[in-house]
1. If the viscosity is 0.890 mPa s and the temperature 25 °C, what Stokes-Einstein diffusion coefficient in µm²/s follows for the stretch 305-464 when Rh is the Kirkwood radius over Cα pairs?
2. Quick check for me: using +1 on Lys/Arg Cβ and -1 on Asp/Glu Cβ, what's the dipole size of the stretch 66-163 about its Cα centre, in debye to the nearest 20?
3. Number of Lys pairs in the stretch 66-163 with C-alpha atoms less than 21 angstrom apart, excluding same-chain neighbours closer than eight positions?
4. Lys/Arg Cβ at +1, Asp/Glu Cβ at -1, dipole of the chain taken about the Cα centre: which of Val113, Ser234, Ile147 is farthest positive-ward?
5. Would you mind computing the Rg to Rh ratio of the stretch 1-157 from its alpha-carbon coordinates, Kirkwood style for Rh?
6. Which one, Tyr177, Leu24, Tyr395, is farthest towards the positive end of the dipole of the chain when Lys and Arg carry +1 and Asp and Glu -1 on their Cβ?
7. Would you please put 401-408, 558-565, 59-66 in order of how densely packed they are, using the mean number of other Cβ atoms within 10 angstrom per residue and starting with the highest?
8. What does the charge count around Ile578 come to, taking other residues whose C-beta lies under 15 Å from its C-beta (Lys +1, Arg +1, Asp -1, Glu -1)?
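Taken together, the values in this text are just the output of simple stated rules run on the coordinates, not laboratory data. Quick caveat: nothing in here was measured; it's all calculated off a predicted structure. Here Cβ is always computed from backbone atoms with ideal geometry, including for glycine, and neighbour counts include all displayed protein chains.
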Amino acid sequence: MQKSEEKVKSVKPFLKWAGGKTQLLKELERFLPSAYNTYIEAFLGGGALFFHLRPSKAILSDINPELINSYIQVRDNVEILIKELKKCLNTEEFYYEMRSKDLTILSDLERAVRFIYLNKTCFNGLYRENKKGEFNVPFGRYKTPNICDEVRLRESSEALQGVKIVCSGYKAVLKKYAQAGDLVFLDPPYVPVGKFSDFQRYTKDSFYDDDQIELRDEFKRLERSGVKVILTNSNADFVHELYKTHEINVFETKRYISSDLNTRNGQDVIIQSSDNLKIYKEDLLENFPGTRYMGSKYKILSFLWENVKGLEFKTVLDAFSGSACVSYMFKQKGFEVYSNDFMAFSANFTKALIENSDTYLDELDLEILLDDTTEIDNFVRKTFKDLYFDDEDNYLIDKIIANSQLLSNAYKTSLALAAISRACLKKRPRGIFTYTGARYDDGRRDLQLTLEEHFLENVESFNSAVFDNGWGNKSFNCDIFDVDVNVDLVYFDPPYLTSKSDNDYTRRYHFVEGLVKNWKGLKIDESTKTKKFKKYESPFDSKATMNDALDRLFYKFKDSILVVSYSSNSIPSKEDMIKLLSKYKEEIELKEIDYKYSFGNQNHKVGNNANEVKEYLFIAK
């Protein structure tokens, strides 16, 4: 058992690191337990807190192989490392020569020398890679950088003796090693706040909304297991919503990764696990397996809930369920939920998680799903060869599609198809199928796992998300005009039609849509590079038909409370939407919230005013 009050000589990190925690050490000390067993840091970076504490028993991990290799070399070969670093020159020519070296032909020691040298001499100590996985930060032009800090390297080596250093994603490490009584420090890529503070740009592995939700769920799993957890993040509304059941402590900090001095001030939050644990089933999307789905309402769920919770309703229809997060929220809140989407893969998510209340995939089901003896037609392997996944992954998809039909009931089949669909989305750069190859490979963990590893993780995720809220919830996969239910409230989140972008979900998600349907009834357009099928016809994708479609929709459900999500840059306008609703409802309320795109064809505009909109919520009673 290690005691926090035991004084050891602190060591300063041997690396500069964007988002490092040196300036937060005094604040972090306030949250340390009086004693703990093993110290575990799962997003290592510069390791400021580890070097400050110097615990006698520790596990350090990060998904960045070059970073982890450098730590190992400092621990095991520090004198040779120092000798080689002394040979490095602070010149632009030498810098770019080192930067361009082929890592595959370098020894582990040579890789560590290169990494530490680049870290000391590159612009602001950033770690950033291009789409090919190549380090691409420019020369820093420092007059006298301390390329080889012998004292700090030797002190770091001493501190790292006996420490287990692992290159792995945080979930795998924590599930394998974290035990009751341990101390886990989590310093993930931050939720962006403002246009200059997107830390995802400076890390090899990007973190998206669904990743932050998964991290929150892991935080709570550790908490329930008796692990002491300390987590840092940005002072963002989304973070406050994710950890609303915990005390959130805000601290002023300075950022050193912006070239503009006026943008370097910021705020960090520190969140710690609770000793007096209470289970809050109403936590935002607890255990929900999210995806980077276009138009998903992850970030405004609390805004939506705050504005509808006072309405009188017991039953709700989510008319365009999409990612299923709104349906899942209503199910968590205890309502009877009906979900619908015209996309089969979206409707399959709600069948697995909303309609299903007590069915899970067990070990026998996994044996069936991964059985290699089933006769398959190799449709995916032949049709989509070298487009999105390799032959091994395509074979897995063919196998699971075939074997899922052998499971004992429809909900198990739905869970299996949901798991492999989400695995494909997470394995795919940007989570879409509008292009072939891996041109948007940003190096994140999801792109490094095999598809089978993704699938097995997703089986566990979907199993964890299944629960019974006491109602007979239903999932539909049809045109919304064909849904025949009587409910108290209908929530509409129709495809947003704008003048500058399309709302073609088929084009983005045709592969997983075909997967869930086994391409039955779909005709692939062989002339297209992506092998997409013909777009589903919809009255919501044309200026000529949008208003009439909304009018018919509001008329169809005029006896229910109508709640509509829409955007300020979409068609029809706010004024026209109010006119349409006023034909059938006497009382119209309009709620607004600022929103910023971070996905799809708007992603290139982050930091641009065109990317910032008002998200509208119309409530018609």
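1. Result for D is 144 µm²/s.
2. Here the stretch 66-163 has a charge dipole of around 300 debye.
3. Qualifying lysine pairs in the stretch 66-163: 12.
4. Ile147
5. Ratio of gyration radius to Kirkwood radius: 0.98.
6. Leu24
7. 59-66, 558-565, 401-408
8. With Lys, Arg at +1 and Asp, Glu at -1, the net is 0.
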